[in-house]
Amino acid sequence: MFRRDFLYDFMPDGTMDKTLEREIKLARNIQMKLLNGKKPELEKSEVSGISIPARLIGGDYYDFYPLSNGKLRIIIGDVMGKGIPAAMLMILTRGAFRSAAESTHGPGDTLTAMNKAIYQDLRVLGSFVTLLCADWDPEKKTLTYASAGHYLPIIARGSQNLLELPKVKGVMLGGLPNTEYMESTVTLNDEDLVFFYTDGIIEAQNAGGEMYRIDRLNEVLLRNNTLDINEIENAINDSISKFTNNAPQKDDITMVLLKVNKGSTNITSYNSPML
Amino acid sequence: MLTLSITDDKNNVKVNLNGDLDIEGTEIVNEELLPKLINFSKVNVSLKEVPFVDSTGMGLLINLVKTLQEKGIVITISDVNKDVLEIFDLLQLPEILGTDVIVS
């Protein structure tokens, strides 16, 4: 875990206003509990996610939503802005996802419904949200995905191959009203690692202002993707932490990992309401 | 640290931004730059000296463009470097702002 220097204003005597401090801590606790709910447990497959705010609370978001057809819907996103305002919009985004995931057929439909639901609010507030939504089908071993201005996931296959996914373009939420999001599908192999991330990872900076960048991330993924999912997550965290060397970060760092293990895969428990 | 310089010629104004465009530039863009531009009819913002724009900076830029467009002001963004242009493409900024806003 990273140590971060907090960037909030302090009182003239050097202490943060106690009431403000208490309320920020409570808000942080709420956000952390919502973000770090129980992960779905999968047979012969694993998912994990972590979000590390640059400030006391952040604007990045990820979530899992098991569907009644046996698929797992995954979402990761980044609210434009930082701190408390971004955290408030992150909660708005989470509500829109949970509501849309229940009633939509695929990740493209989910993003379309979410944009319809919160477009007006985002315009009034002058904000935007980038999102990547994907359905993992454990039976067919397919990943169907749609993007609202967000980076596509990286698929690491063994120690040599990083797969470039077919591009799907889409405007970030809040960008255009009534926009529709296209989908693409790839078939995964046993032992593939799917790595979803936000820009805070590749834009993490060391004290000299140098960025971590995609090349370092790719290298870590290739070197570690045969490990179990928690070890991979730790390896990535350690790599970023070593690179940044405790330099304060400007952006939240969030990642979601999906590891396809050998054999068939079924979702066996849920962190979302059953349909 | 983001800085800016402005040169104007009657109704037209050119803004040169210098430095990373991120959350540190919020007050500079919203409180310093924006009010200075609303009395012109044509605005050009050069990003020649902006090596990096993060998601917050993108939001600042989009809101700047949309606010001026709503007031009937023609705004263009020019001299965008390759890395920043890739992010513009990912976010589909031309679709959001209009295809004639980002110019070479």
* Can you run down the residue pairs with Cβ atoms below 6 Å, 6 or more apart or on separate chains, where the first is in the range A:157-179 and more than 17 Å from residue A:127 (Cα to Cα) and more than 8 Å from every other protein chain (Cβ to nearest Cβ) and the partner is surrounded by fewer than 19 Cβ atoms within 10 Å (Cβ to Cβ) and hydroxyl-bearing (Ser, Thr, Tyr)? => A:166/A:184; A:168/A:184
* Boolean, residue A:123 is surrounded by fewer than 24 Cβ atoms within 10 Å (Cβ to Cβ), among the charged types (D, E, K, R), within 14 Å of chain B (Cβ to nearest Cβ) and assigned to a helix (DSSP H, G or I) -> yes
* Considering (1) modelled with pLDDT under 80; (2) open to solvent by 20 Å² or more (accessible area, probe 1.4 Å), say which one residue A:84 fails and leave the rest. => (1)
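Name the one entry in A:218, A:206 that is under 26 Å from residue B:52 (Cα atoms) and over 20 Å from the mean Cα position of the chain (by Cα). Talk me through it step by step, then tell me what you get.
On the way: A:218 fails: over 20 Å from the mean Cα position of the chain (by Cα).
Selected residue: A:206, the only one of A:218, A:206 that is under 26 Å from residue B:52 (Cα atoms) and over 20 Å from the mean Cα position of the chain (by Cα).
Rundown of residues vs (1) at pLDDT 95 or above; (2) assigned to a helix (DSSP H, G or I), yes/no style:
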{"position": "A:178", "(1), (2)": "no, no"}
{"position": "A:185", "(1), (2)": "yes, no"}
{"position": "A:196", "(1), (2)": "yes, no"}
{"position": "A:200", "(1), (2)": "no, yes"}
{"position": "A:209", "(1), (2)": "no, no"}
{"position": "A:216", "(1), (2)": "yes, yes"}
{"position": "A:255", "(1), (2)": "yes, no"}
{"position": "A:274", "(1), (2)": "no, no"}
* **In the range A:160-181, the residues that are open to solvent by 80 Å² or more (accessible area, probe 1.4 Å) and either of a type in the set (Asp, Glu) or at positive phi (or both)** => A:164, A:178, A:180
* Structure fact -> When the range B:45-80 is checked residue by residue, the ones that are away from chain A (no Cβ under 14 Å), among the polar types (S, T, N, Q) and open to solvent by less than 30 Å² (accessible area, probe 1.4 Å) are B:46, B:78
* Given the conditions (1) modelled with pLDDT under 95; (2) away from chain B (no Cβ under 14 Å); (3) under 27 Å from residue A:99 (Cβ atoms), and given that residue A:191 satisfies all but one, which numbered condition is not satisfied? -> (3)
* Structure fact -> Within the range A:194-212, of all residues that are crowded, with 23+ Cβ neighbours inside 10 Å and of a type in the set (Ser, Thr, Tyr), the one farthest from the other protein chains (Cβ to nearest Cβ) is A:197
* Asked: Pairs under 8 Å by beta carbon, first residue farther than 14 Å from residue A:180 by Cα in the range A:96-109, partner basic (Lys, Arg), six or more apart or different chains?
  -> A:101/A:73
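The values are calculated or read from the model by the stated rules, or taken from the named source; none is laboratory data. As the structure is a computational prediction, the values presented were derived from the model and not from experiment. Backbone-built Cβ (ideal geometry, glycine too); neighbour counts: all protein chains shown. Surface areas here come from the heavy atoms of the whole protein model, side chains and all, with no ligands, DNA or RNA. Shrake-Rupley method; radii C 1.70, N 1.55, O 1.52, S 1.80 Å.
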